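Throughout, read-outs are computed from the coordinates displayed, never taken from laboratory work. Computed from a predicted structure; not experimentally measured. FYI the Cβ positions are ideal-geometry reconstructions off the backbone, even for glycines, and counts take in every protein chain you see.
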Amino acid sequence: MAYTVPYGTPRVRPAVVTAAVALLGLAVVGQVVGAGLTMSIAGTMRDAYLEAYQGSEMGADQMATIMNVSTIASAIISLVVATAMAALAILDAKGKQPARIVTWVLGGLYSCCMTFSLTGNLIGSAFMPKSTGGSEPDPTEVTRIVNDALPSWYPSVSMALSVIGLLSVLSAVILLALPAANAYFRKPAQAWEPPVPLGG
């Protein structure tokens, strides 16, 4: 009887897909490095908040603990995002259409979040609320104390990693949406093979 079999010729990965996978890999490296840098300043951030909120109603220890937990949580989230990106890069490289769709969705969300984050960092303290009085420190003064405590290179490196991550993921999403990538993500067609004649 006649039956079908997959084509024996392996699919050739288009250059746009290879480039997208490489860009996702770059974003993964950036996320891991960023998580490491965030963890490295956790103690510094805690000490800065202890100083900034000394004598406040909320309590310096409480604010320092909140900031410490927030810093560690941020590093963990970065590692989770890096793991997800790495998995998507591997599956995209293999031409898995569901991974391509998930990359579009998560990549779009990631790009939006990073854009808002970078915008907030660029605006800085321009729209920061002022102190309402009492024992609570002025937010501008808190920012100054924290910035003075951080290594001088940290803001620039952190900003650079964020920009590289944003551009890498956004470019990867665009490349995976190009028509040149469509055929690679289609399910391989099957070829008809004539029946083998019975010997006799």
### Query
What ranking do 109-115, 27-33 get when scored by the average of other Cβ atoms within 10 Å per residue, highest first?
27-33, 109-115
### Query
Given the C-alpha centroids of region 35-76 and region 139-191, what is the distance between them in whole angstrom?
25
